[in-house]
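Colleague: Once you've had a glance at the structure underneath, I'll fire off some questions.
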Amino acid sequence: MEKGLHDRDIVGLQDFVLLEAYQSEDAFLDNLKKRFQENLIYTYIGQVLISVNPYKELPIYSEEEIGVYRKKHFFEAPPHIFAISDSAYRSLTGENRAQCILISGESGSGKTEASKKVLQFIAAASGHVSTVDNVRDKLLQSNPVLEAFGNAKTNRNDNSSRFGKYMDVQFNFLGAPEGGNILNYLLEKSRVINQSSDGDNFHQIRRAMSVMEISEVEQREILNIVASVLHMGNVGFTEEEGKATILKPKSVAAISKLLGCPEDKLSHALTHRTIDAQGDVVTSPLSREMAIYARDALAKAVYDRLFTWLVSRINESLKSDQSSRKNNVMGILDIYGFEIFKRNSFEQFCINFCNEKLQQLFIELTLKSEQEEYFKEGIEWEPVEYFDNRIICNLIEEKHKGIIALMDEECLRPGDPTDLSFLAKMTNQLGNHPHYLCHNKASVAVQKIMGRDEFRLIHYAGDVTYNVTGFLDKNNDLLFRDLKEVMAETTNSVTRKCFPEAEFKNKKRPDTAVTQFKNSLNNLMDILMCKEPSYIRCIKPNDLQTSDNFDDELVRHQVKYLGLMENLRVRRAGFAYRRRYEMFLERYKCLSKETWPHYRGPAKDGVHILVNTLGYKPDEFRMGKTKIFIRYPATLFATEDAFQAQKNNLAAIIQARWKGIRQRRAFLKLKEQTIALQKYIRRYLAIQKAQRRREAAQKIRAFIKGFITRNDPPNEYNKAFIAHSKRQWLLRLSKSLPEQILNHTWPNYPAHCSEASHHLKKMHRLHLARIYRLSLSKERKRQLELKVLAESVFKGHKKNYTRSVKNWFQDERIGKEHMTQVNNFVTTNFGAETLKYVTTVIKYDRRGYKPRDRIVLLSEKALYVLDGKSYKQKHRLPLDKIDFCVSNEADNVLIVRIPLEMKKDKGDLIVTVPEIIECCIWILDVTKRRQILTIVDTGSIMHNLIRGKTGTIEIQTGQQSSITKAKSGNLLVIAGQ
């Protein structure tokens, strides 16, 4: 009955109490298997949760899932571990009742993961309070630390808990965790000397220890202890004349270094034993067998006490600073499940004894809760027959008669007790017990499969055969005084705390291992008895640890030893279903006309009407004070099926009523909207008509005023006329735009359009200029580039610039009669250079300024000066070493300044060039260096003569241009106006 009418046929029942064939194991397994195959791993037996390990990640533990189960009634949502956690948490915080959650199951069934999910829910349910975040982190991080040191990889599970754990989580008055305490039970120490631990998730463990406030120094010491235990396994012994000697001293040295103890003292303690017999101290050597025993005992003791120290260290970190109330504690028990191996030893005996005690507690508390509920509701309790495993518990723990008492007696008696003598004593005293079987008193068939060193106990969960070998040694768990003394004197602070000095000085014999375990287990029972319990039974579906694999026989075995069928029988001995009247009436009120759709009276009366309408027989139900109790699942299923079927009728009625209501609402809404729309349209049309009249009058008035003031500056009346005149001007302008840049005559414009006309004229000129540029040939473009360069250099700086604008620049300014000779010179002397410009000039020499005809040739590297008649080279002036100077007047004088270091050409070169602007631009174009040309705007120019002397060129203006030598001896240049 997950949700729909036929869902239970597919996914089974949420609660086994509703199982019709509740005494059939096959029906039980079938229901469990159906749900497992649909990834529904949780099922109830009343208030007990059964969890099947899926061996894969399921998306059912998110924050959203937690929200589904927060503050919900237990049966309002499908079975889930969060439902159990929420119920316990609300009972704790709302009703101030101490809680405990008991998680049990065999190795690999997911107990440890279940405890993590409980802590995850508690952490989420307590809210995000910054003051308790640290405590929550510690609670969650305590798991990986204890798992790292207390879990092991076994043949049946990759991460098997080899210890029992009970954690008390303490809450403050706000319901937030503020501290905790952990009790540990029976760490399986034999695996320390028989199997190596895994090293996975090492960094996670280091982080977790840091969260638990274990310092870096302590962490390093812990790792040293673990390393020392590993080295202890490498310590070998040989025997000479009955005395043990160490085979590998290097391993002892490594242990000594890691723990900080003297190597010689440790070696002596591993091979000798000191006995204090009534004041006489005797030291005797150990045999090889006893030395191996001492080594193994040391390894187990060191690791066991390290684990105990870790638990106490975690408890110290989890300890609350606040004074706690008595009932604000939630306990979580994660303890080993019932174990049946091919070879079962002392550890399995203790583990199964623990499970017997827990089963006894479970049955007692389950019956107690059933009785209390029936008494509270005023229902007559019918006695239930069930298997009481008290007889097995007494067989194991009864004083002076039980197995534990016999084991302790054998361990402590003088003489030379052995495991076989212990077995003989048990057989002698317990041989007639119905739950004890030994080889001597077994049938022939059993004797064939049972060894003479074995005994069998008939547990509630099945028969377990135990091999007695090692029982006494493991129970004694003796560590020689010499080794205790060495460990107490180490420099490793953790080891020193684990082996206090007072221990080896105390001569009182400590309790045996099984007695310590029994006492701590009885203490656990006392703790659990005073709390309100919740149960989680964990089942592993297969031994292969693979998903989607359900081994029927393996699960059947677990169902048996977990006592699930027994629990179901106890629960079903009374009534299969019980619900509060309010919830029952709310769900099924539609099945009676008298209670549908609302029942105004007390809920109990409404339920009474319902059961009468449904025809319940007197033996099928009982009416309690607050709940209805239904005896048979068939009765509930018939009610549920009627409810599911009635849904169709109710749906049809609701649909019909709803459709009518919806159509009526739609009609009324449409009518109201139509009236409102008509009203607004009439109003809108009237407003529009008035607005049009008003606007018409305003337009007429504005037109008249605008016409009168059409020539005034813009205002609100004439702006329309001005805008119209602007539009008309733009239309006229578009038809009369100048078509050539060289003949750019701009049309007239109104006064209001002056600014626009200025911008448009400029833009149009630029546009025509762009068109003109794009239409230029390569030659004309080159000329314009030179003209632009001339403009940037000479415009406004030399007065004869304007005369040069109208003429194209040429690269040859000599007659044809000279070109043949010039070309011959270029071919002979230029080499890789090319001729860029050639012109005739008149040179004025530096002695008396006499004129000489010369030809100037310009290449990309140098300026060549040739004789005008012989065409011989007079000068070759590199362009990168000379510069030029002209005046700002309208003369043609060019001064070539030659540096003094050029010895062949002493003094500056003074020439007149026919087209001085053209010549200078060619020079600048070739050199790309604007700074080599200087334009002087003074009346005189200084120039260099031979032998470092200087001369002066005087610049004057006159009607006729001329160049003569003045009376002062200077060169006088008359520039035309």
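Colleague: Any chance the stretch 954-967 includes a residue that's free of Cβ contacts under 8 Å to residues at least 12 places away in the same chain, part of a loop (DSSP other than H, G, I, E, B), assigned by the TED database to the domain that holds Leu900 and exposed (fewer than 12 other Cβ atoms within 10 Å of the Cβ)?
Modeller: Yes; the residues of the stretch 954-967 include at least one that is free of Cβ contacts under 8 Å to residues at least 12 places away in the same chain, part of a loop (DSSP other than H, G, I, E, B), assigned by the TED database to the domain that holds Leu900 and exposed (fewer than 12 other Cβ atoms within 10 Å of the Cβ).
Colleague: Could you please find all residues in the stretch 587-605 being under 53 Å from the mean Cα position of the chain (by Cα) and assigned to a helix (DSSP H, G or I)?
Modeller: Across the stretch 587-605, the qualifying residues are Arg587, Tyr588, Lys589, Cys590, Leu591, Ala603, Lys604.
Colleague: Hey, another quick one. Within the stretch 212-261, track down each residue that is crowded, with 18+ Cβ neighbours inside 10 Å, in a loop (DSSP other than H, G, I, E, B) and at pLDDT 85 or above.
Modeller: Selection gives Val235, Cys261.
Colleague: Here is a list: Thr820, Thr840. Which entry is in the same structural domain as Leu877 (by the TED database), of a type in the set (S, T, N, Q) and in contact with a Gly (Cβ under 9 Å, 6 or more places away or on another chain)?
Modeller: None of the other options fit; the residue is Thr840.
Colleague: Just to be sure before I move on: is Phe584 over 30 Å from Glu216 (Cα atoms), assigned to a loop (DSSP other than H, G, I, E, B) and out of contact with any Pro (no Cβ under 9 Å at 6 or more places or on another chain) in the structure I sent?
Modeller: Answer is no for this residue.
Colleague: Here's something else I'd like to know. When you go through (1) in contact with a helix residue (DSSP H, G or I) (Cβ under 6 Å, 6 or more places away or on another chain); (2) more than 22 Å from Pro851 (Cα to Cα); (3) open to solvent by 30 Å² or more (accessible area, probe 1.4 Å) one by one for Ile921, which number turns out not to apply?
Modeller: So Ile921 meets the others, but not (3).
Colleague: Note down all Cβ pairs under 6 Å where the first residue falls in the stretch 456-477 and is under 16 Å from Gly431 (Cα atoms), the second is acidic (Asp, Glu) and assigned to a strand (DSSP E or B), and they're at least six residues apart or on different chains.
Modeller: Sorted first by the residue in the stretch 456-477, then by its partner, the pairs are Arg456/Asp463; Thr465/Glu454.
Colleague: Right, Glu364: part of a helix (DSSP H, G or I) and closer than 21 Å to Tyr577 by Cβ or not?
Modeller: Spelling it out, it is not the case that Glu364 is part of a helix (DSSP H, G or I) and closer than 21 Å to Tyr577 by Cβ.
Colleague: Here's a check for you: in the stretch 547-578, which residue that is of a type in the set (A, V, I, L, M) and assigned to a helix (DSSP H, G or I) is farthest from the chain's Cα centre (by Cα)?
Modeller: Looking at residues that are of a type in the set (A, V, I, L, M) and assigned to a helix (DSSP H, G or I), I get Val570.
Colleague: While we're here: Are any residues in the stretch 797-810 closer than 22 Å to Lys928 by Cβ and assigned to a loop (DSSP other than H, G, I, E, B), and if so, which ones?
Modeller: Result: His797, Lys798, Trp808, Phe809, Gln810.
Okay, residues lined up against (1) open to solvent by less than 40 Å² (accessible area, probe 1.4 Å); (2) touching a residue at least 60 places away in the same chain (Cβ under 8 Å):
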{"site": "His759", "(1), (2)": "no, no"}
{"site": "Lys762", "(1), (2)": "no, no"}
{"site": "Tyr772", "(1), (2)": "no, no"}
{"site": "Glu779", "(1), (2)": "no, no"}
{"site": "Lys787", "(1), (2)": "yes, no"}
{"site": "Val805", "(1), (2)": "no, no"}
{"site": "Gln810", "(1), (2)": "no, yes"}
{"site": "Ile814", "(1), (2)": "yes, no"}
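Colleague: Moving on. Evaluate the stretch 811-829: report whether one residue or more is assigned to a helix (DSSP H, G or I), of a type in the set (A, V, I, L, M, F, W, C), within 20 Å of Thr927 (Cα to Cα) and touching a Leu at 6+ places or on another chain (Cβ under 6 Å).
Modeller: Yes, the stretch 811-829 contains at least one residue that is assigned to a helix (DSSP H, G or I), of a type in the set (A, V, I, L, M, F, W, C), within 20 Å of Thr927 (Cα to Cα) and touching a Leu at 6+ places or on another chain (Cβ under 6 Å).
Colleague: Another question, if that's okay. Quick check on this structure: which one of Ile335, Ile404, Ile340, Ile379 is in contact with a strand residue (DSSP E or B) (Cβ under 8 Å, 6 or more places away or on another chain), of a type in the set (Val, Ile, Thr) and under 23 Å from Arg452 (Cα atoms)?
Modeller: Ile340
Colleague: Still on this structure, I have one more. Just give me the residues in the stretch 336-350 being closer than 20 Å to Gly110 by Cβ, of a type outside the set (Asp, Glu) and surrounded by fewer than 24 Cβ atoms within 10 Å (Cβ to Cβ), in sequence order.
Modeller: Answer for the stretch 336-350, where residues must be closer than 20 Å to Gly110 by Cβ, of a type outside the set (Asp, Glu) and surrounded by fewer than 24 Cβ atoms within 10 Å (Cβ to Cβ): Ile340, Phe341.
Colleague: Conditions: (1) in contact with a Lys or Arg (Cβ under 8 Å, 6 or more places away or on another chain); (2) modelled with pLDDT under 90; (3) open to solvent by less than 30 Å² (accessible area, probe 1.4 Å). Arg854 meets all but one. Number of the miss?
Modeller: The single condition Arg854 does not satisfy is (2).
Colleague: Might you let me know whether the stretch 886-894 holds any residue that is in the same structural domain as Thr927 (by the TED database), open to solvent by 70 Å² or more (accessible area, probe 1.4 Å), out of contact with any Phe, Trp or Tyr (no Cβ under 7 Å at 6 or more places or on another chain) and in contact (Cβ under 8 Å) with a residue 12 or more places away in the chain?
Modeller: no
Colleague: Among the residues of the stretch 10-28, is there at least one that is assigned to a helix (DSSP H, G or I), touching a Pro at 6+ places or on another chain (Cβ under 6 Å) and within 22 Å of Leu365 (Cα to Cα)?
Modeller: Yes, some residue in the stretch 10-28 is assigned to a helix (DSSP H, G or I), touching a Pro at 6+ places or on another chain (Cβ under 6 Å) and within 22 Å of Leu365 (Cα to Cα).
Colleague: Still on this model: Which number in (1) buried (at least 21 other Cβ atoms within 10 Å of the Cβ); (2) touching a strand residue (DSSP E or B) at 6+ places or on another chain (Cβ under 9 Å) marks the one condition that Thr495 misses?
Modeller: (2)
The rows are residues; the columns are (1) open to solvent by 100 Å² or more (accessible area, probe 1.4 Å); (2) at pLDDT 90 or above.
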site: Ile661; (1), (2): no, yes
site: Gln698; (1), (2): no, no
site: Lys705; (1), (2): no, no
site: Ile708; (1), (2): yes, no
site: Asn711; (1), (2): yes, no
site: Pro714; (1), (2): no, no
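Colleague: Additional query: Name the one entry in Glu65, Glu113 that is in a helix (DSSP H, G or I) and over 28 Å from Ala148 (Cα atoms).
Modeller: Glu65
Colleague: Continuing with the same structure: Based on this model, can you work out whether Glu57 counts as open to solvent by 20 Å² or more (accessible area, probe 1.4 Å) and at pLDDT below 90?
Modeller: Considered against the rule, which asks whether it is open to solvent by 20 Å² or more (accessible area, probe 1.4 Å) and at pLDDT below 90, Glu57 comes out as no.
Colleague: Let me ask you something else. Collect the residues in the stretch 618-640 that are among the aromatic types (Phe, Trp, Tyr) and open to solvent by 60 Å² or more (accessible area, probe 1.4 Å), keeping them in residue-number order.
Modeller: Result: Tyr632, single match.
The values are calculated or read from the model by the stated rules, or taken from the named source; none is laboratory data. Treat the numbers as computed from the prediction; the structure is a model and nothing was measured. As a convention, Cβ positions derive from the backbone with ideal geometry for all residues, glycine included, and neighbour counts pool all protein chains shown. With ligands, DNA and RNA removed, areas are computed over all heavy atoms of the protein, side chains included. Shrake-Rupley method; radii C 1.70, N 1.55, O 1.52, S 1.80 Å.
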